[in-house]
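The values are calculated or read from the model by the stated rules, or taken from the named source; none is laboratory data. Bear in mind the structure is a predicted one, so any value in this text is a computation, not a measurement. Ligands, DNA and RNA are excluded from the accessible area calculation, which covers all protein heavy atoms including side chains. Shrake-Rupley method; radii C 1.70, N 1.55, O 1.52, S 1.80 Å.
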Amino acid sequence: MRKREELFAIYIIDNKCTIRKCAENFNIGKSTVHNDISKKLKITNKFLYYQVYKILNLNYKERHIRGGLATKEKYAKLKIN
């Protein structure tokens, strides 16, 4: 039986998703996922932690781009209506 933080890590690695998407999938809060990955996983499984860290770091660097695209889509939908 895997620990919860390991399940989160495997899901994030397999899907290359954000903490929000992981939390949404497991139907729990994003702060729970973040705490489990940043604190518990670092202690229990360093190998998984560093793999997840790479993905989350990439997400952090790209978030301003995703935000801009979301805003662009929002105003495109408003323009159509």
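Suppose we take every Cα in the chain and form the convex hull; what volume per residue is that in Å³? Kindly include the intermediate steps, with their values, before the conclusion.
Working: hull volume 8.2 nm³, N = 81.
Taking the convex hull of the Cα positions in the chain, it is 101 Å³ per residue.
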* **Sequence of Tyr49, Tyr60 from largest to smallest accessible area, 1.4 Å probe** => Tyr60, Tyr49
* To do: Compute the acute angle (0 to 90°) between the alpha-carbon long axis of helix 4-15 and the principal axis of greatest extent of the alpha-carbon atoms of the chain; round to the nearest 10°.
  => 50 degrees
* Mind checking which aspartates and glutamates have their Cα closer than 20 Å to the Cα of Lys16? Skip sequence neighbours fewer than 8 apart in that chain. => Glu5, Glu6, Glu24, Asp36, Glu62
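Of Lys3/Lys61; Lys30/Lys61; Lys21/Lys61; Lys30/Lys54, which pairs sit farther than 23 Å apart, going by alpha carbon to alpha carbon?
Working: Lys3/Lys61 28 Å; Lys30/Lys61 19 Å; Lys21/Lys61 17 Å; Lys30/Lys54 18 Å.
Violating the 23 Å limit, Cα to Cα: Lys3/Lys61.
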* Structure fact -> Relative to the chain, whose Cα atoms define the longest principal axis, helix 46-80 and its Cα axis are tilted in degrees, nearest 10, by 10 degrees
* Asked: GNM on the chain, C-alpha springs below 10 Å: top fluctuator among Ile55, Ile28, Ile19?
  -> Ile28
* Hey, how many Å between the Cα centroid of the stretch 1-23 and the Cα centroid of the stretch 27-49? -> 9 Å
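Roll a 1.4 Å probe over the protein chains and send me the accessible area per residue for the chain in Å². Spell out each step's value before the answer.
Numbers: 6410 Å² over 81 residues.
Counting only protein heavy atoms, the per-residue value for the chain is 79 Å².
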